Amino acid sequence: MLKKEEVARIAKLARLGLTEEEKEKFQRELSSILEYVEKLKKADTSRVNPVFSSIPPLTVKSGGELREDGPEKRQSEETENLVKAAPVSRGRHIQVKAVFE
Amino acid sequence: MSKMELCELTIKQAHQGLLRKDFSALELTRAFLNRIKRADKEINAFLTVSEDLAVTQAKNVDKEISSGEGISVLAGVPFCLKDNILIKDLRCTAGSRILENYVAPYDATVVRRLKELGGVILGKTNMDEFAMGSSCENSAFFPTKNPYDLKRVPGGSSGGSAAAVAANMTVFSLGSDTAGSVRQPASFCGVVGFKPTYGAVSRYGLIAMASSLDQIGPITKNVEDAEIVSNAIFGKDKMDQTSVELEPSVSVLNLEELRIGIPKEYFIEGMEKEVKERVNEGIGRIERAGAKIEEISLPHTPYAVPAYYVIVFSEISANLARYDGIRYGYSAAGDPKIKTLLDVYLESRKEGLGKEVKRRIMLGTYTLSRGYYDAYYLRAQKVRAKIKEDFDNAFKKVEAIITPVSPTVAFKIGERIADPLEMYLSDIFTASVNLAGLPAISLPCGKANNLPVGLQIIGKSFEDRKVLEVAKVLEKILK
């Protein structure tokens, strides 16, 4: 069973605030789900390459397209809509709390 | 035609009616808006009804019709979309409080295409939060009810879309499918649900859950409608580098030459007896109609659900990092008690995200973390390769694979919500398909205890048009 400190560590990595009650509940739930997926250990994956997607990886050689290497022209309305959606903004900038202490 | 009969029309019937001037596009749209006002009080399929937009779009189609210009088959046809598909200037919540008041700044590519063809948007439908769930009970707002039995779930996560089609509150709907989220609700609600090959439909404007698995797909009253909608939304899109152009149409299907595989691992213990019977009866009718049925094996089937969940948890933890209270959505930043940047993240996500979402983010963070990446994520992606190989081998012998969609009919609201694992097992017949990126469709094949049962047809990668062709033929046989 996952230790409570482990749950707290994962929550901090995931930037999720959890109550003490939630941490305990997650200890049990996460442990039981992780136990279920242990089933995967029984599969023989000795000489298999992982497949991360059902389509082949995109590269320029395989036909992937690159856009022009220059600034993209954007409508000012687009930018305004994006800034408007931010919870805290000032002028054309999104405002955040201090990044450095 | 009565108002109710207008709501029962298929796409082709609506189109013919508009051309013959039996009714106007505005009348057709108003019939649906009224039906939603009456029926949705009980069903709760809609999160947002876009009355003004729909009326404006319908009026534009009427102008086109009266000017004598030809109209496309989708012009004037009312439809709705799962609330994780962006429509410019409309609210888009993904079924979550963290996006409760978020207004989309652009149209998804599928929306742009359907708007260009004159489709009329009725509104946005309810879903499990961020598409995480198989019942619509994880919506942060309210559960949607199954039109066949209001005490039961419509399935999920595109439950609102499926219920809206089944209750005639729309002609068709768009949902999204990551492990069965279009096919399973379609089967629970007695309608058709199609998941295209991964890459066949652009994901631009679809709120991402698992980027290597998600696909948008239509939920419709019959296969012909699914084909019409699919043709409108298929296609390479420069805004989605994983999108691919499909091969053009196939030759006409000869049922006697069709070889269908039935995977023995899919007919297991734990299926409801009557569901198994309906699916087997369906297969029997298909065989008597001339198709060649043979048993095949997909040996890595028992690993599909655990592999799927490890992969989906991992991709979720990455895709949902953006909901941090900084650029959009619910934020704790304005709260005077919140002093630091870290607290903005912790508190915004604590308040805005639901239980199932948090659970999956936690699990994904764990499976991707140092020391566990190899044992979980990498191993799951290796198993994924084996699952894909199973299908590739099967498709050397057969052209289509038939399976059940769900081990059960629609379950009661509240019945499975206590144990997340029990809910995850709902995906047992559908998840492999997303792992392998194949096209698959759910068709109604009778009832068990008065509740709809679905049958799944799976095809080869990029043979979407063939799957739809096969489904059209089998639909007639199963009626």
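Just so it is clear, none of the values below were taken in a lab; they were calculated from the coordinates. Computed from a prediction, not measured in an experiment: that's the story for all the values here. Positions of Cβ are generated from backbone atoms using ideal geometry, with glycine treated the same way; all protein chains shown enter the neighbour counts.
Which one, B:G371, B:G217, B:V191, is farthest towards the positive end of the dipole of chain B when Lys and Arg carry +1 and Asp and Glu -1 on their Cβ?
After comparing all options, I get B:G371.
Within 10 Å of each Cβ in peptide A:49-60, how many partner chain Cβ atoms are there on average? Round it to a whole number, please.
Details: counts 3, 9, 13, 8, 9, 16, 10, 0, 0, 2, 0, 0.
What the average comes to for A:49-60 is 6.
What are the ³J(HN,Hα) couplings of the stretch A:4-10, residue after residue, when phi is run through the Karplus curve with 6.51, -1.76, 1.60 and θ = phi - 60°? Round to Hz, x for glycine and proline.
Once θ is set to phi - 60°, the couplings for the stretch A:4-10 become 4, 5, 5, 4, 5, 5, 5 Hz.
Pull out a ≥ b ≥ c, the square roots of the eigenvalues of the alpha-carbon gyration tensor of the stretch B:300-447, then state rounded if a/c is under 1.5, prolate if not and a/b is larger than b/c, and oblate in the remaining case.
prolate
What is the percent of Cα-Cα separations in the stretch B:141-269 that go past 17 Å? List each step's numbers first, then the result.
On the way: 5232 of 8256 pairs.
The answer is 63 percent, as a whole percent.
Can you order the peptides B:452-461, B:385-394 by their average number of other Cβ atoms within 10 Å per residue, highest first?
With the highest mean Cβ count within 10 Å placed first, the list reads B:452-461, B:385-394.
Explain nothing, just compute: Karplus ³J(HN,Hα) = 6.51 cos²θ - 1.76 cosθ + 1.60, θ = phi - 60°, for every residue of the stretch B:257-266 in order, whole Hz, x for Gly and Pro.
9, 7, 9, 10, x, 10, x, 5, 6, 8
Considering every residue in B:187-196, what mean count of other chain Cβ atoms within 10 Å of its Cβ is obtained?
Per residue, the average neighbour count from other chains is 0.
Which order do the peptides B:426-435, A:39-48 come out in when sorted by mean C-beta neighbours inside 10 angstrom, highest first?
In descending order of packing, they fall as B:426-435, A:39-48.
Can you give the percent of C-alpha pairs in the protein assembly as shown whose distance is more than 36 Å?
The answer is 34 percent, as a whole percent.
Among rounded, prolate and oblate, which fits chain A when a ≥ b ≥ c are the square roots of the eigenvalues of its C-alpha gyration tensor, a/c under 1.5 means rounded, and a/b larger than b/c means prolate?
Since a/c reaches 1.5 but b/c is at least a/b, the shape of chain A is classed as oblate.
Calculate the length of the line joining the C-alpha centroid of the stretch B:188-208 to that of the stretch A:6-65, in whole Å.
23 Å
How large are Rg and Dmax for the stretch B:1-97 when only the alpha carbon atoms are used, in Å?
When restricted to the Cα atoms of the stretch B:1-97, Rg and Dmax are 14.3, 46 Å.
List, in order, the whole-Hz ³J(HN,Hα) value for each residue of the stretch B:67-74 obtained from phi through the Karplus relation with A = 6.51, B = -1.76, C = 1.60 and θ = phi - 60°; use x for Gly and Pro.
Couplings: 7, x, 5, x, 10, 6, 5, 9 Hz.
For chain B, what is the percent of antiparallel DSSP beta bridges, rounded to the nearest 5?
About 65 percent, rounded to the nearest 5.
Mind jotting down a quarter of the surface of the convex hull over the alpha carbons of the stretch B:220-328, in square nanometres, one decimal?
Numbers: hull surface 47.6 nm².
Average projection, Cα convex hull of the stretch B:220-328: 11.9 nm².
About the Cα centre of the protein assembly as shown, how large is the charge dipole given +1 on each Lys and Arg Cβ and -1 on each Asp and Glu Cβ? Please answer in debye to the nearest 20. Numbers along the way, then the final one.
Numbers: 83 positive and 78 negative charges, 115 e Å.
Dipole magnitude for the protein assembly as shown comes out near 560 debye.
Taking the Cα centroid of the stretch B:233-259 and of the stretch B:381-428, what is the distance between the two, rounded to the nearest whole Å?
23 Å
Please get the size of the charge dipole for the stretch B:199-252, origin at its Cα centre, with Cβ charges of +1 on Lys and Arg and -1 on Asp and Glu, quoted in debye to the nearest 20.
Numbers: 4 positive and 8 negative charges, 32 e Å.
That gives a dipole near 160 debye.
Looking at the protein assembly as shown, send over the antiparallel percent of its DSSP beta bridges, to the nearest 5.
Antiparallel bridges: around 70 percent, rounded to the nearest 5.
Mind checking the stretch B:26-123 for GluC sites (Glu not before Pro) that DSSP puts in a loop (not H, G, I, E or B) and that have at most 16 other Cβ atoms within 10 Å? Could you put the intermediate results ahead of the total?
Working: sites: B:E27, B:E42, B:E51, B:E64, B:E69, B:E100, B:E116; in loops: B:E69, B:E100.
Filter output for the stretch B:26-123: B:E69, B:E100.
What percent does the relative contact order of chain B come to when contacts are Cα pairs within less than 8 Å and at least six residues apart?
Dividing the mean separation by the residue count of chain B yields 17 percent.
Under a 5 Å amide H to amide H cut-off, with H placed in plane at 1.01 Å, what residues pair with B:G454 once short-range neighbours are removed?
Under 5 Å from the amide H of B:G454 lie the amide H atoms of B:V405, B:S406, B:C445, each far enough along the sequence or on another chain.
Over the whole of B:325-334, what's the average partner chain Cβ count within 10 Å per residue? Rounded to a whole number, please.
Details: counts 5, 7, 8, 6, 3, 1, 3, 2, 6, 2.
Mean partner-chain Cβ count within 10 Å for B:325-334: 4.
What lysines sit close enough to A:K3 to cross-link, taking a C-alpha to C-alpha distance under 26 Å and skipping anything fewer than 8 places away on the same chain?
A:K12, A:K23, A:K25, A:K39, A:K41, A:K42, B:K350, B:K355, B:K358
Between B:F391, B:A380, B:L19, whose Cα lies farthest towards the positive end of the dipole of chain B when Lys and Arg beta carbons carry +1 and Asp and Glu beta carbons carry -1, centred on the Cα centre?
Of B:F391, B:A380, B:L19, it is B:A380.
Determine the dipole magnitude for the stretch B:203-360: charges of +1 sit on the beta-carbon of Lys and Arg, -1 on that of Asp and Glu, nothing else is charged, the reference point is the Cα centre, and the result goes in debye to the nearest 20.
Using only the charged Cβ atoms, the result is roughly 780 debye.
Among the trypsin sites (Lys or Arg not before Pro) within the stretch B:146-216, which fall in a DSSP loop and have no more than 15 other Cβ atoms within 10 Å of their own Cβ?
Those satisfying the criteria are B:K151.
What number in nm² do you get for the stretch B:37-139 if you take the convex hull of its Cα atoms and divide its surface by four? Before the final figure, lay out each step's value.
Details: hull surface 29.4 nm².
Mean projected area for the stretch B:37-139: 7.3 nm², to one decimal.
Could you give the nm distance between label points at B:E265 and A:E80, where each point is 7 Å from its Cα heading toward the beta carbon?
Each label point is offset 7 Å from its Cα along the Cβ direction, giving 5.6 nm.
Quote the Stokes-Einstein diffusion coefficient, in whole µm² s⁻¹, for the stretch B:385-479, based on the Kirkwood radius over alpha carbon pairs, a temperature of 37 °C and a viscosity of 0.692 mPa s.
Stokes-Einstein gives a translational diffusion coefficient of 223 µm²/s.
Defining a contact as two alpha carbons under 8 Å apart and six or more residues distant in sequence, what relative contact order in percent does the stretch B:206-346 show?
Relative CO of the stretch B:206-346 lands at 23 percent.
In cubic angstrom, how much convex hull volume per residue do the alpha carbon atoms of chain B span?
145 Å³
With point charges of +1 on the Cβ of Lys and Arg and -1 on the Cβ of Asp and Glu, referenced to the Cα centre of chain B, which listed residue (B:A108, B:A321, B:A431) lies farthest in the positive direction of the dipole?
Checked the options; the winner is B:A321.
Name the residues whose placed amide hydrogens come within less than 5 Å of the amide hydrogen of B:N138, ignoring near sequence neighbours (fewer than 5 apart) on the same chain.
B:E129
What translational D, rounded to a whole number of µm²/s, comes out for the stretch B:54-208 from Stokes-Einstein when the hydrodynamic radius is the Kirkwood one over Cα pairs, at 10 °C and 1.306 mPa s?
Values: Rh = 15.7 Å.
Answer, rounded: 101 µm²/s.
Using only DSSP helix segments of four residues or longer, with each worth -39500 (n - 2.57), what per-residue ellipticity at 222 nm results for the protein assembly as shown after dividing by its residue count and rounding to 500?
Helix-only estimate at 222 nm: -11500 deg cm²/dmol.
Would you mind computing, in nm to one decimal, how far apart the modelled labels at B:K37 and B:N101 are, each placed 7 Å from Cα along Cα→Cβ?
2.8 nm
Reachable lysines from B:K59, Cα under 26 Å, same-chain residues fewer than 8 places away excluded?
Filter leaves B:K3, B:K12, B:K21, B:K37, B:K82, B:K88, B:K115, B:K124, B:K221.
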